[in-house]
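Notes for the one structure printed next.
The values are calculated or read from the model by the stated rules, or taken from the named source; none is laboratory data. In this text, all values refer to a predicted model and were calculated from it rather than measured experimentally. Every residue, glycine as well, gets a Cβ built from its backbone with ideal geometry; the counts of neighbours run over all protein chains shown. The area values use the complete protein model at the heavy-atom level, side chains included, leaving out ligands, DNA and RNA. Shrake-Rupley method; radii C 1.70, N 1.55, O 1.52, S 1.80 Å.
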Amino acid sequence: MGNIMHTPRDGIRSMLADLKMPGSLEAVDAILGEIDGGRLAATEAISRLLSAQISLRNNRRLQAAMRSSRRPSVKTLESFDFSFQPSIKREQIESLHELNFLDRKENVVLLGPPGVGKTHLAISLAIAAAQRGRRVYYGTLIDLITSLEEAQAAGQLTRRLAVLTHPSLLVVDEIGYLPINHTGAVLFFQLMNRRYERASTVLTSNKGFEEWGEVLGDDVMAAALIDRVLHHCHLVNIRGNSYRMREHTALHRALQSDVQDSEAGRPPRRSRTGNGNRS
């Protein structure tokens, strides 16, 4: 049998495969075709080839981040209803989504009653970070503490703390919603102490800082935690109404209208409510 001839294009594909660049490998034929047609300069071709790989990598990180979050839906800045929360400074939120705080290892704390959009904004920051190629991790306070307690019981606490210290952005959701024991509070403090000035953390809470001592069951430890969190921090205090209550009110009104229509012999009107679950 004769030798199989390999073209330069085959060589490029082989090198991309060897470098484990599936995004570039998928895009290379179309890019080379545009070069052949004189529609693409060499510099632009290289840029698009690398961009294809970066885009695939970032999308994979985003998917991994959302899997780890166990959230049922993706929440982005574009879908946030600023008109319903006038207490929020839109320019502050948009500035945070530029993600410069990650480079400065600063934190973000979102405070407010249940249902005002804290979780929505926290997840939208995590999504923005993942789309830029940053490693992110989401968990409620209870989930994080449970994972740390399980690691401690298995003799793997140091390893688990290292895993949770590594992401560029850690989201700690729902501080204050459920009680935690002293052991859990100590483990959470250890995690936050490791991340202090090393990586950024976004925290959401329905409790003011003055209540964190009660949440953690230790005023001294809470003061030390707050000191570290606030040292380099952007505070977002949301004082608006609950999105969920708005939706429940709308549903209640629609049902009342249906009842009134039924009593008057008219066909019921189809009710519509929003579909965003916010915390």
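Numerical summary
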item: Accessible solvent surface per residue of segment 93-184, calculated while the other protein chains remain in place, 1.4 angstrom probe, Å²; result: 39
item: Around Trp212: net Lys/Arg minus Asp/Glu count, Cβ-Cβ under 10 Å; result: -4
item: Descending principal axes extents, segment 81-188, alpha-carbon based, whole Å; result: 48, 31, 18
item: Under Karplus coefficients 6.51, -1.76 and 1.60, residue-wise ³J(HN,Hα) of segment 148-155 in Hz, glycine/proline x; result: 5, 5, 5, 5, 4, 5, 8, x
item: Under 28 Å from Lys118, Cα to Cα: lysines that are on another chain or at least 8 residues apart; result: Lys75, Lys89, Lys105, Lys207
